[in-house]
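The next block holds one structure in the form of structure tokens; read it before the comments.
The values are calculated or read from the model by the stated rules, or taken from the named source; none is laboratory data. In this text, all values refer to a predicted model and were calculated from it rather than measured experimentally. Counting neighbours? That spans all protein chains shown, and the Cβs are built from the backbone with ideal geometry, glycine included. The area values use the complete protein model at the heavy-atom level, side chains included, leaving out ligands, DNA and RNA. Shrake-Rupley method; radii C 1.70, N 1.55, O 1.52, S 1.80 Å.
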Amino acid sequence: MSSRFDSIVRCSAGHLFTTKWMALGSFKAIRLGPVRYQRCPVGHHRSLIRRVDPGSLSRQERATAARIRDTSVI
Ligand SMILES: [Zn+2]
């Protein structure tokens, strides 16, 4: 299931995954504009993540990101 809040993001280590990114109301994550600090489900580490324009990714990168979803409640 994807929703309009789902965004492809990249952590500072270069991992791609999908997370919910809402304009308002994120109490667990520190929001710094387009950058957020949260757990990365790929590397199992905490990292700064930033939104990625899906159009800038290859089809394979988008597929990779779509398979990995941050399931934690934000
Ligand atoms: Zn990572």
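Protection proxy ranking for 54-67, 7-20, using the average of other Cβ atoms within 10 Å per residue and placing the highest first: 7-20, 54-67.
Note that region 53-66 has calculated 3J(HN,Hα) couplings of 6, x, x, 8, 9, 6, 4, 5, 5, 5, 5, 4, 5, 5 Hz, one per residue in order, obtained from phi through the Karplus relation 6.51 cos²θ - 1.76 cosθ + 1.60 (θ = phi - 60°); glycine and proline are x.
Solvent-accessible surface (1.4 Å probe) assigned to residue 6 amounts to roughly 30 Å².
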